[in-house]
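What follows is one structure encoded as structure tokens, with my remarks underneath.
The values are calculated or read from the model by the stated rules, or taken from the named source; none is laboratory data. What you are looking at is a predicted structure, and each value in this text was computed from that prediction instead of being measured. Backbone-built Cβ (ideal geometry, glycine too); neighbour counts: all protein chains shown. All accessible areas refer to the heavy atoms of the entire protein, side chains included, with ligands and DNA or RNA removed. Shrake-Rupley method; radii C 1.70, N 1.55, O 1.52, S 1.80 Å.
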Amino acid sequence: MNDLVKTAVMPKLTTIWLGHHYDYVETITSTNDVLKKRAAEKSPDELPHGTVLVTDYQSKGRGRLGRRWEALPGTSLMLSLLLRPDWTAEQSLWLTMMAGLAAAEAIELLTNVQVSLKWPNDVGSELDGVWHKLGGLLVEGSVGQNGRLQSVVVGMGLNVNMTAEQLPEGMTPVTSLLAAGNQIVDRQALLLAFLARMERWYETAVAGQSPVSAWEKRLITLGRAVQVSQGEDVLVGTAVGIDEWGQLRVQTHDNSIHTITAGDVTLRI
Ligand code: BTN
């Protein structure tokens, strides 16, 4: 039996609310797309805050910036969470931070892999001095007419038990927990640990404490020479900090500071 199915996961949940509405679909187009569609069609009573959708295979998995997200069955952890925070739209970056922190903590609890994060949504690890991507987050929110978030889908894909041959090819060096830590990782334990940490970070944020400083400590991007691509525009400089919402501050050679809200960041050294 696949140990990510509802009957295997639900009895082991340690959360108070996250994942108490849980669905596992073996093959799906994209957990983000399906959960967004369900959120648009169903009432908050039918699809409550904290709903979790997990899959083992996506035929149309999506990454940031329109990229594809691909993984063979059995090799990764792919899920989406539905959250309904009463926050302003700019605060949605906090959810990316919280999910990155939760993923990092869950991985470090269960493996010997040290995790660092790359702005804005990448989870990874430094191997022999080179940062490798282990997974990523795709946070997509819908904003009401009052400018506040109505619902947010937090998607996460982690390369768990991919062998070196199964790793997807990309511009960024990639790895898996198996390749980086030399051990098979229990996906169910990883899922349960992630949900527990995510709920804790969420409750901390609702209580008014920002995740920014914890996130900043894990960000590999700060202090590094970076190249930021925003469509046709490319900005080269040094990542000098982040603001309270998590936007990246990049200093260019003329000493001016640019605030980056979205875009693709490449570490230059
Ligand atoms: C990235 O690194 O660009 C983000 C990758 C996010 C992938 C996950 S897998 C589960 C969820 N469903 C999707 O279609 N994408 C996210």
List the number of the failed condition for residue 228; all other conditions in (1) part of a helix (DSSP H, G or I); (2) surrounded by 20 or more Cβ atoms within 10 Å (Cβ to Cβ) hold.
-> (1)
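Which of the following residues is open to solvent by less than 20 Å² (accessible area, probe 1.4 Å) and either modelled with pLDDT of 95 or more or near the ligand (Cβ under 10 Å from one of its atoms) (or both): 65, 109, 47? Lay out the reasoning, then the answer.
On the way: 65 fails: open to solvent by less than 20 Å² (accessible area, probe 1.4 Å); 109 fails: open to solvent by less than 20 Å² (accessible area, probe 1.4 Å).
Unique residue meeting the criteria: 47.
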If you go through the range 35-44 one residue at a time, how many are within 13 Å of the ligand (Cβ to nearest atom), in contact (Cβ under 8 Å) with a residue 40 or more places away in the chain and either surrounded by fewer than 20 Cβ atoms within 10 Å (Cβ to Cβ) or not basic (Lys, Arg) (or both)?
-> 1
Could you tell me whether any residue of the range 20-33 is away from the ligand (no atom under 16 Å from the Cβ), without any contact (Cβ under 8 Å) to a residue 40 or more places away in the chain and part of a helix (DSSP H, G or I)?
-> no
Filter the range 1-19 for residues that are touching a residue at least 60 places away in the same chain (Cβ under 8 Å) and more than 19 Å from residue 199 (Cα to Cα) and give the result.
-> 3, 8
Would you check if residue 241 is buried (at least 21 other Cβ atoms within 10 Å of the Cβ) and either in a strand (DSSP E or B) or aliphatic (A, V, I, L, M) (or both)?
-> no
Tally of residues being under 25 Å from residue 143 (Cβ atoms) and hydrophobic (A, V, I, L, M, F, W, C) across the range 12-56 | 9
Output the number of the condition that residue 266 fails; it satisfies all remaining conditions of (1) polar (S, T, N, Q); (2) within 28 Å of residue 18 (Cβ to Cβ); (3) under 19 Å from the mean Cα position of the chain (by Cα); (4) open to solvent by 50 Å² or more (accessible area, probe 1.4 Å).
-> (2)
